[in-house]
Every structure is written in C-alpha cells, then in structure tokens.
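Trainee: I'd like to ask some things about the structure below.
The values are calculated or read from the model by the stated rules, or taken from the named source; none is laboratory data. Everything numeric here is computed off the predicted structure, so don't read it as measured data. With ideal geometry, Cβ positions are generated from the backbone for all residues, glycine too; neighbour counts draw on all protein chains shown. Note: accessible area is taken over every heavy atom of the protein model, side chains too, but ligands, DNA and RNA are not part of it. Shrake-Rupley method; radii C 1.70, N 1.55, O 1.52, S 1.80 Å.
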Amino acid sequence: MSSHILVLGGTTEARELAAVLAARDGVRVTSSLAGRVTRPGALDGDVRVGGFGGAEGLASWLREHRVDALVDATHPFAEAITRNAARAAAATGVPVVVLRRPGWRPGPGDRWHPVDSPAAAAELLPRLGRRVFLTTGRLDLAAFAHLADTHFVVRSVEPPEPPMPPDTRVVLARGPFTVTGEKELLRAHRVDVLVTKDSGGAATAAKLAAARELGLPVVVVRRPPLPPELTAVPDVTAVLEHLGRAVLPTPSGPRGGGAADTCP
Ligand code: NAP
C-alpha cells in the first residue's frame, strides 16, 4: 500500500516537494493548484486544478482519495486555503503540516516601512513617492485604485483586471529576477518607492537588493498569521522529517528543481 500525500501548491517549494515525493517508492503525491495561472508548468506526480468548495469540499476530497497526509505549501498570503486546510484536517483527522518559506529580513541600508495590509500600504504611499513599483500581485490592485495622482508600474504573471489605479503600466514577467535587471527596471521607470508583500524566497528577493542599492524606500506588507493549530516548517527537508516514516515508508534521494511562484 502506498501513502497518498496531497500538496496544496502554487509555489516553488510545492513544486520541489512534489518532485521529492514523486521520487519515493511507496508514495503517491497529488499537487493541487487553484487554477489562477494559465500555464503553471510541469509538476511531478498527479495534479488536480481548481477549488475544492471550501473546507468541507477539501475534507470530502481527503476522504474520497484516501489521503494520508496534507501539506499546505501555498503562498504565505493565500489565507483562505490555509484556513480551509486547518479545518479539513481537523474534520478528517488527516495529519497536516504547512511548508512556509521564511520571510525577508531588512539589512543595513534598507529603508523598509512594514504595514499590515495592501490598504495600509496605499495609505502610506503618497508620503513616500509618486512613482511606484507595485509587486503585490494582480489580485491586490484594488486597494490602490483610488490613487489617481500616482504612477504605478505593476508586475504580474498574468494580465491584471480592473479595478486598478488609472495611471498603471503593466509589466508581464515571472521570476526569478536579478538585481541588475531589477535596478534597470527601477531606473527605466524612474521609480521612487517599491511596494511588496513579505513573500520571502530567493526568486523575487532581487528587487529588495536593487531598492537598497538605489536608496529607495520599500513598503512591505506583513504576512497574515497562521491559524494557531497549524505547524509551519521552513523547507522541503523539514516537511519530510515532520511527516516521518509512517507516511513516507521508503526514503530515497531528491530529484528535480524549482521554478518561480505563480505570482511575482
Ligand atoms: P486563497 O485566497 O487562500 O484561496 C481562495 C480560494 O482558492 C480557496 O478558498 C480555494 O477555493 C482556492 N485555492 C487556493 N489555493 C488552492 C490550491 N492550491 N488548490 C486548490 N484550490 C485552491 O488563495 P490565493 O491567495 O488566491 O492564491 C491562489 C493560489 O495562488 C494558491 O495556490 C497560492 O499558493 C498561489 N499564490 C498566491 C499568491 C498570493 O500572493 N496570494 C502568490 C503566489 C502564488 P475553495 O475554497 O473552493 O477550495
């Protein structure tokens, strides 16, 4: 009998975890994607796409597909699916662990302004600059839509939809990005302030180094808190340790590598 692991994905780490699990004997892995991105890239193991229909739908899926362990490897700002994972795990008794990459930390020379939400970032922005590089993801643009006197450069994997600020230039791109490339972008658009979520990870960290080198302020949206009943670990190795031999009967070496998140 093989163990069935459901990985809630949409991140680089989820992709890495799927590759490692798919390489193990006695393990079947299914990755779940929300379906927000039209070309999400290849994943090892089985893949399902689309919402489950809330916590109850996820619980039903866990039962129907005889899932032995659930790994929430979604983005740190994907609050609803993480809440649903906690509820579905509690309802079914399926063990759950959250794979959450560490957040970014400011270093010497950084001019960071931490805030609790995109709305708070929008409130702060007019005091910091008029030409903004906005990398919070296309679903958070509505919070900035009322800022008519500010020019926004919005980077997104997929084209954003209204509501968005009236003076918006869209740059479609998917990480990883380089510090040199990010500095070029900031200079080319004469950006004077950067807005980002504290997504963490290497693929999109170059913009922070670029802002530091150019002396630009950065508005950093803090992560939402995890539901208290969930345990978070920082990387794929820690997930494997957490799941343990009961769920992962036959250890073997990892294979494959990562790609960038489905958001910038
Ligand atoms: P969210 O607000 O937490 O989730 C909204 C709904 O989307 C959930 O209730 C669920 O629908 C469905 N969903 C989300 N993730 C899913 C998954 N992995 N598999 C199946 N259904 C999923 O999520 P979000 O912030 O819109 O993010 C959507 C996806 O994009 C996530 O998988 C996340 O990892 C990825 N992502 C998000 C961000 C970000 O900044 N939020 C950045 C990069 C990547 P039902 O209730 O119907 O099950």
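Trainee: Rounded to the nearest 10 degrees, what's the angle between the helix 236-247 long axis and the longest principal axis of the chain, both from Cα atoms, 0 to 90?
Mentor: Orientation of helix 236-247: about 20 degrees from the principal axis.
Trainee: Let's see if you can work this out: charge +1 on each Lys and Arg Cβ, -1 on each Asp and Glu Cβ, no other charges. What is the dipole magnitude of the chain about its Cα centre, in debye to the nearest 20? Display every interim value, and only then the final one.
Mentor: On the way: 31 positive and 27 negative charges, 81 e Å.
For this selection, approximately 380 debye.
Trainee: Please give the charge dipole size of the range 205-249, origin at the Cα centre, charges +1 on K and R Cβ atoms and -1 on D and E Cβ atoms. Round to the nearest 20 debye. List each step's numbers first, then the result.
Mentor: Numbers: 5 positive and 4 negative charges, 34 e Å.
So the dipole magnitude of the range 205-249 works out to roughly 160 debye.
Trainee: Taking the Cα-to-Cβ direction at V47 and at S60 and moving 7 Å from each Cα, how far apart do the two end points lie in nm?
Mentor: Using points 7 Å along Cα→Cβ, the separation is 2.5 nm.
Trainee: Say the dipole of the range 28-171 comes from +1 at the beta carbon of Lys and Arg and -1 at that of Asp and Glu; which of A90, A122, L43 then lies farthest toward its positive end?
Mentor: Positive-most Cα among the choices belongs to L43.
Trainee: Keeping every protein chain present and rolling a 1.4 Å probe, give me the accessible area per residue for the range 1-158 in Å². Write down the numbers at each step before the final one.
Mentor: On the way: 6850 Å² over 158 residues.
Spelled out: the 1.4 Å probe surface of the range 1-158, per residue, equals 43 Å².
Trainee: Here's another thing I want to ask about it. If we count every other residue with Cβ under 13 angstrom of W112's Cβ, Lys/Arg +1 and Asp/Glu -1, where does the sum land? Could the numbers behind the result be given before it?
Mentor: Details: positive: R105, R111, K197, K207, R212, R222; negative: D110, D198.
For residues surrounding W112, the net value is +4.
Trainee: So, with +1 on the Cβ of K and R and -1 on the Cβ of D and E, and no other charges, what is the size of the charge dipole of the range 74-149 about its Cα centre, to the nearest 20 debye? Intermediate values should be presented prior to the final figure.
Mentor: Numbers: 10 positive and 6 negative charges, 42 e Å.
Result for the range 74-149 is approximately 200 debye, rounded to the nearest 20.
Trainee: Same structure, new question: Return, ordered by residue number, the residues of the range 171-201 whose backbone nitrogen is under 17 Å from a label point located 7 Å along Cα→Cβ of R222.
Mentor: 196-200
Trainee: Could you give P(r) for the chain, binned at 5 Å from zero, as whole percent values over all Cα-Cα pairs?
Mentor: All Cα pairs considered, the percentages come to 1, 6, 13, 16, 17, 15, 11, 9, 6, 4, 1, 0, 0.
Trainee: Using the Cα centre of the chain as origin and beta-carbon charges of +1 (Lys, Arg) and -1 (Asp, Glu), tell me which of V67, W104, G181 is placed farthest towards the positive end of the dipole.
Mentor: G181
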